[in-house]
Amino acid sequence: MNEYKKDSLSLTGAIGLGTGVMISAGIFALLGQVAALAGMWFPIMFVVGGIVTGFSAYSYVKMSNEYPSAGGIGMFLAKAYGQGTVTASAAMLMAVSMVINQSLVARTFGTYTLQIFNMDATSYLVPVLAVGLLLFAFLVNISGNSFIQTFTSIVSLLKIIGLVVFAMGGLWVAGFSITPAEGSGSTEDATITSMIAAVALTILSFKGFTTITNSGSEIVKPHKNIGRAIVASISISLFVYLLVAWAVSSNLPLNEIIAARDYSLAEAARPAFGNYAVWFTVGIAIIATVSGIIASVFAVSRMLAMLTDMKLIPHKHFGMPGRIQKHTLVYTIVLAMVLAVIFDLSRIASVGAILYLVMDMIVHWGVFKHLRDKVDANPVIVMTAFILDGIVLAAFMWVKLMNDWLIVVVSIIFIIIIFIGEYVFLKHRNDGEEGHAH
């Protein structure tokens, strides 16, 4: 088994991990995309996404209180469905969506960094910088828990302060106006369906709370502190998102927010901070994305190691020395690098949102059907989370089918491959083959 250090993560460290993952992807990579779907009301979509996430988090808090573990969601699924295809496939969906999130954040790092040099966001340097950041995250992650939690906690605090300063400066210039961003003839009016679809992306910006559940066995007093850390990280992130979205909405017309969707914060900073706008915003973006990558890699490598220990996923050493968790760390980084090179920001985000919502619904159904009495969960809250996820997922897939059908096809193929692959692997394992050697 892997050597997880009990009590090596404090409550503050756990909150730092959660906000570290959330705030990096959410506000920098997704704000412009949310605006493109929701129109001038895009700041409100972050509130709706926070509410939906709050319902979702209930299942995870209840499960974490009962079963704190380094496998987090993998362990929760095993308790609900047993160690079979559904558990293995849903856990892999979670792992893949987290790796997709890492490639999203890494490309965001590249996109914002190039703004300093007035270079196009389509430059080949974006994936180059993304790969460099992922390599740095790997080096940090092999340095141990105490350094990771100290680094992510300090950096999370710095970026939150920076974003609040950015938002307050932008709102001050705009006279603290609550007038939503104005559209123009070139922007399409948002529909109810597209606004619900926008919520899918805002949910993706909150999904970092699951990072905390994946470090459950390492958190001090986990039965009490996992739930506290999840609630605190979602609340902090929602406050920052709303403040920043309001500032962007007050300073840029909607068509400019959408046009600069990959670096909209840098554009929105110009009225408040003048020539220093880009440098200031890019500085925060770099801090945010670096901490987000490190925290996410930390969590997903542990979950994959736990799934390997449970013999739910195939594993091969490829001649690498050391513990399984170090091997899964390498797999995580390599896959994130490949995705960061192949896909652009909006497509990465879309696939990640679809896979995450499918996995989330499987978790809620498992809690409702098999564990609600065991973990003392309110069935009405759990089913509300399940239904809300379903509505958001359906709206998001419908909008993507109309605008970029390939993303829906790729996502469905991903899901089918994972389920079939896990079924075949587990069938062979159960026929007497040793799962660890494959």
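Do we have any residue at all in the stretch 365-383 that's within 29 Å of Arg107 (Cα to Cα) and in contact (Cβ under 8 Å) with a residue 40 or more places away in the chain? Before you say what the answer is, go through the steps one by one.
Residues of the stretch 365-383 within 29 Å of Arg107 (Cα to Cα): none.
Checked against the condition, which is being within 29 Å of Arg107 (Cα to Cα) and in contact (Cβ under 8 Å) with a residue 40 or more places away in the chain, the stretch 365-383 yields no hits at all.
Return yes when Ala268 is in contact with a Leu (Cβ under 6 Å, 6 or more places away or on another chain), within 22 Å of Tyr60 (Cβ to Cβ) and in a helix (DSSP H, G or I) and no when it is not. Step through it out loud before you land on a result.
Details: in contact with a Leu (Cβ under 6 Å, 6 or more places away or on another chain): yes; within 22 Å of Tyr60 (Cβ to Cβ): no; in a helix (DSSP H, G or I): yes.
Answer is no for this residue.
If we keep just the residues of the stretch 206-221 that are part of a helix (DSSP H, G or I) and surrounded by fewer than 24 Cβ atoms within 10 Å (Cβ to Cβ), which is modelled with the highest pLDDT?
Restricting to residues being part of a helix (DSSP H, G or I) and surrounded by fewer than 24 Cβ atoms within 10 Å (Cβ to Cβ), the top hit is Glu218.
Among what's in the stretch 111-142 and is in contact (Cβ under 8 Å) with a residue 40 or more places away in the chain and closer than 17 Å to Arg347 by Cα, pick the residue that is surrounded by the fewest Cβ atoms within 10 Å (Cβ to Cβ).
Kept after step one, since they are in contact (Cβ under 8 Å) with a residue 40 or more places away in the chain, are these residues of the stretch 111-142: 111-113, 115-116, 121, 127, 130-131, 133-138, 140-142.
If we keep only those that are closer than 17 Å to Arg347 by Cα as well, we get 111, 121, 127, 130.
Values: Thr111: 29, Ala121: 18, Pro127: 20, Ala130: 28.
Top of the filtered list is Ala121.
Taking Ser177 as the residue in question, decide whether it is hydroxyl-bearing (Ser, Thr, Tyr), modelled with pLDDT under 80 and buried (at least 24 other Cβ atoms within 10 Å of the Cβ). If you could, list the steps in order and put the result at the bottom.
Values: hydroxyl-bearing (Ser, Thr, Tyr): yes; modelled with pLDDT under 80: yes; buried (at least 24 other Cβ atoms within 10 Å of the Cβ): no.
No: the conditions fail for Ser177.
Okay, residues lined up against (1) within 18 Å of Leu201 (Cα to Cα); (2) surrounded by fewer than 24 Cβ atoms within 10 Å (Cβ to Cβ); (3) touching a His at 6+ places or on another chain (Cβ under 6 Å):
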position: Lys224; (1), (2), (3): no, yes, no
position: Asn255; (1), (2), (3): no, yes, no
position: Leu265; (1), (2), (3): yes, no, no
position: Thr281; (1), (2), (3): no, no, no
position: Ala285; (1), (2), (3): no, no, no
position: Met310; (1), (2), (3): no, yes, no
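Report whether or not Gly18 is outside any loop (DSSP other than H, G, I, E, B), touching a helix residue (DSSP H, G or I) at 6+ places or on another chain (Cβ under 7 Å) and surrounded by fewer than 24 Cβ atoms within 10 Å (Cβ to Cβ).
On the way: outside any loop (DSSP other than H, G, I, E, B): yes; touching a helix residue (DSSP H, G or I) at 6+ places or on another chain (Cβ under 7 Å): yes; surrounded by fewer than 24 Cβ atoms within 10 Å (Cβ to Cβ): no.
So Gly18 does not fit the description; no.
Could you pull out the residue among Leu254, Leu243, Leu238 that is under 18 Å from the mean Cα position of the chain (by Cα), of a type in the set (A, V, I, L, M) and over 25 Å from Ala91 (Cα atoms)? It would help to see each step written out before you state the result.
Numbers: Leu254 fails: under 18 Å from the mean Cα position of the chain (by Cα); Leu243 fails: under 18 Å from the mean Cα position of the chain (by Cα).
Selected residue: Leu238, the only one of Leu254, Leu243, Leu238 that is under 18 Å from the mean Cα position of the chain (by Cα), of a type in the set (A, V, I, L, M) and over 25 Å from Ala91 (Cα atoms).
From the list Ser233, Ser249, pick out the single residue that is among the hydroxyl-bearing types (Ser, Thr, Tyr), part of a helix (DSSP H, G or I) and within 21 Å of Leu17 (Cα to Cα).
Working: Ser249 fails: within 21 Å of Leu17 (Cα to Cα).
The conditions single out Ser233.
In the stretch 252-265, which residue that is outside any helix (DSSP H, G or I) and not acidic (Asp, Glu) is modelled with the highest pLDDT? Show your work before the answer.
Narrowing the stretch 252-265 to residues outside any helix (DSSP H, G or I): 252-253, 260-263.
Cutting the leftovers down to not acidic (Asp, Glu) gives us 252-253, 260-261, 263.
Numbers: Leu252: 82, Pro253: 85, Ala260: 76, Arg261: 73, Tyr263: 75.
Taking the candidates together, the pick is Pro253.
Quick one: which helices (runs of 4 or more DSSP H) lie wholly within the stretch 323-438 and hold at least 3 residues that are under 20 Å from Ala90 (Cα atoms) and either β-branched (Val, Ile, Thr) or more than 21 Å from the chain's Cα centre (by Cα) (or both)?
Filter on the stretch 323-438 gives 345-366, 379-403, 405-430.
Pairs please, first residue from the stretch 65-81 and over 18 Å from Asp373 (Cβ atoms) and at pLDDT below 75, second anywhere and not in a helix (DSSP H, G or I) and not charged (D, E, K, R), Cβ atoms under 6 Å, 6+ apart in sequence or on different chains.
Ala70/Tyr4; Gly72/Asn214
Any residue in the stretch 349-360 that is of a type outside the set (A, V, I, L, M), touching a Lys or Arg at 6+ places or on another chain (Cβ under 9 Å) and loosely packed, with under 14 Cβ neighbours inside 10 Å? Step through it out loud before you land on a result.
Residues of the stretch 349-360 of a type outside the set (A, V, I, L, M): 350, 352, 356, 360.
Retained after the next criterion (residues that are touching a Lys or Arg at 6+ places or on another chain (Cβ under 9 Å)): 350, 352, 356, 360.
Among the residues that remain, those that are also loosely packed, with under 14 Cβ neighbours inside 10 Å are: none.
Within the stretch 349-360 (the criterion being of a type outside the set (A, V, I, L, M), touching a Lys or Arg at 6+ places or on another chain (Cβ under 9 Å) and loosely packed, with under 14 Cβ neighbours inside 10 Å), the answer is no, since none of the residues qualifies.
The values are calculated or read from the model by the stated rules, or taken from the named source; none is laboratory data. Not measured: the values here are computed from a predicted model. For neighbour counting, all protein chains shown are included, and Cβ atoms are generated from backbone atoms with ideal geometry for every residue, glycine included.
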